[in-house]
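Step one of this worksheet: look at the structure below.
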Amino acid sequence: MEADNARILVIGAGVNGSVIAARLFERGVDVTVLARGKRLTEVETNGIVIENPFSQKRRVAKVRAIGELAPDDRYDYILVVVRRNQVAELLPTLAANFSPNVVFMNNNLEGPAEIVAALGPQRPMLGFVFAGGKRDRDIIRAIGPFDRSLMRTPFGEIDGTMTPRLKRLVELLNRAGLRSQVSTNIVDYLATHAAGVAAITPLAVKYRNDLKAAARSPVDLKLTAAAMRETIPVLKALGHKIVPAAHQILAVMPVFLLAWVLRLLCNSKFGEVGAAWHAQQAPDELLALTDDLRAAVIRSGVAAPAIRRVLDMTPR
């Protein structure tokens, strides 16, 4: 990997934080991971252990770990890789630290207003994640990142501008094998993705994350498919672009066909690893996203009857 003296802190040692920190470490980047409690002890003792759930191959990265971020600690980039509902509690700590570039890599349907209010408009950046899976004790069972994938994870400035710090971050991640790209619509991308996740979440909750059982319910699959379609007019009514643009196919795809695609996903190993495992380990985040979607529907003024019915499947 070409030399880049960037110091990076990854906040969060769950699936994605661990995958990112391990890959950066393996490619010679000066990276530290912030973890807490038992997870901090695990990383300090055993390193980050990652297992591919398809091949069962494991690798270990002895990444440096810390338990807190002090105000005078300085990093070129802080990557915040935690659940959507854990961001708020980190903001005071991040506000007290003056590292110049703080990259929030989370599901986000609400937008960056809370982040900007805490850190100001200059420091925050936004991005997305690279992997899916679960943590089994001290082992991260994850798929991704994929070195040859045609898909690249987007990163961007909140205002959509192209900046030197953004280009540097994307170049650094790409050199580490974390396939990334610059996005000029990152706020819209995150909203589009989060709305889709929130529309599917009640299906997983209803069937207690047994997606194969969900696949056997054509009624619930069709309702979920209709809810996914309705996220498009809701987002547009709120002023969002649909990003990536290919996602707009949801607006025209017949419900029966989208339900068929959902059935294939629910019956696949990819669906189990990428969706069911996430729902199993982060129910608090997914319920927060459904709350965000409910609020978005109300703000949009769109009727969205399928979304409302789907969200009523989720116990409160």
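Derivation of every value follows stated rules applied to the coordinates shown; laboratory data play no part. Owing to the predicted nature of the structure, the values given are computational and were not obtained by experimental measurement. No Cβ is skipped: glycine too gets one built from the backbone with ideal geometry, and neighbour counts run over all protein chains shown.
Tabulated results
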| read-out | value |
| --- | --- |
| Glu44-Thr93 pseudo-label distance in nm [points 7 Å out on the Cα-to-Cβ vector] | 1.5 |
| Relative contact order %, region 111-203, counting alpha carbon pairs below 8 Å whose residues are six or more apart | 27 |
| Fewest-first ranking of Ser18, Ser183, Ser99, using other Cβ atoms within 10 Å as the exposure measure | Ser99, Ser183, Ser18 |
| Selected from Ala245, Ala61, Ala304 as most flexible by GNM, with the chain as the system and alpha-carbon contacts under 10 Å | Ala245 |
| Full-extension gain in nm, Phe270 to Lys241, via 0.36 nm per residue minus C-alpha separation | 7.7 nm |
| Helix-only CD estimate at 222 nm, as mean residue ellipticity for the chain, using -39500 (n - 2.57) per DSSP H run (n ≥ 4) | -13500 deg cm²/dmol |
| Extension gain from Asp138 to Arg309, taking 0.36 nm per residue of separation minus the Cα-Cα distance | 57.7 nm |
| HN-Hα J in Hz across region 22-29 - Karplus 6.51, -1.76, 1.60, θ = phi - 60°, x for Gly and Pro | 5, 5, 4, 4, 5, 9, x, 7 |
| Charged-residue dipole, Cβ positions (Lys, Arg, Asp, Glu), the chain about Cα centre, Debye nearest 20 | 940 |
| Length-normalised contact order for region 190-284 - Cα pairs under 8 Å, 6+ apart - percent | 37 |
| Long-range amide H partners of Gly132 with built H, under 5 Å | Ile143 |
| Considering only region 1-156, percent of DSSP beta bridges that pair antiparallel, nearest 5 | 35 |
| Computed magnitude of the charge dipole of region 188-311 (debye, nearest 20; Cβ of K, R +1, Cβ of D, E -1) | 380 |
| Estimated vicinal HN-Hα couplings, Hz - region 79-95 in sequence order (Karplus 6.51, -1.76, 1.60; Gly, Pro = x) | 9, 9, 10, 10, 5, 3, 7, 9, 5, 4, 6, 8, 4, x, 5, 5, 5 |
| Entries in Lys38/Lys206; Lys212/Lys269; Lys57/Lys134; Lys57/Lys269; Lys134/Lys269 that, when Cα-Cα distance is taken, lie over 20 Å | Lys38/Lys206 |
| Dipole-positive endmost among Ala117, Gln281, Ala65 within the chain (Cβ charges, Cα centre) | Gln281 |
| Sequence of Met151, Met313 once ranked by neighbouring C-beta atoms within 10 Å, starting from the fewest | Met151, Met313 |
| Extension gain, Asp284 back to Leu257 (0.36 nm per residue minus Cα-Cα distance, nm) | 6.7 nm |
| FRET efficiency, Thr184 to Asp210 (Cβ-Cβ, R0 30 Å, nearest 0.05) | 0.15 |
| In nm, spacing of pseudo-spin labels at Ile249 and Arg7 (7 Å Cα→C-beta vector) | 4.6 |
| Antiparallel bridge percentage (DSSP; both residues within the chain; nearest 5) | 30 |
| Computed magnitude of the charge dipole of region 7-184 (debye, nearest 20; Cβ of K, R +1, Cβ of D, E -1) | 700 |
| Leading residue at positive end of dipole, region 7-184 (Cβ point charges), from Val15, Met105, Val87 | Val15 |
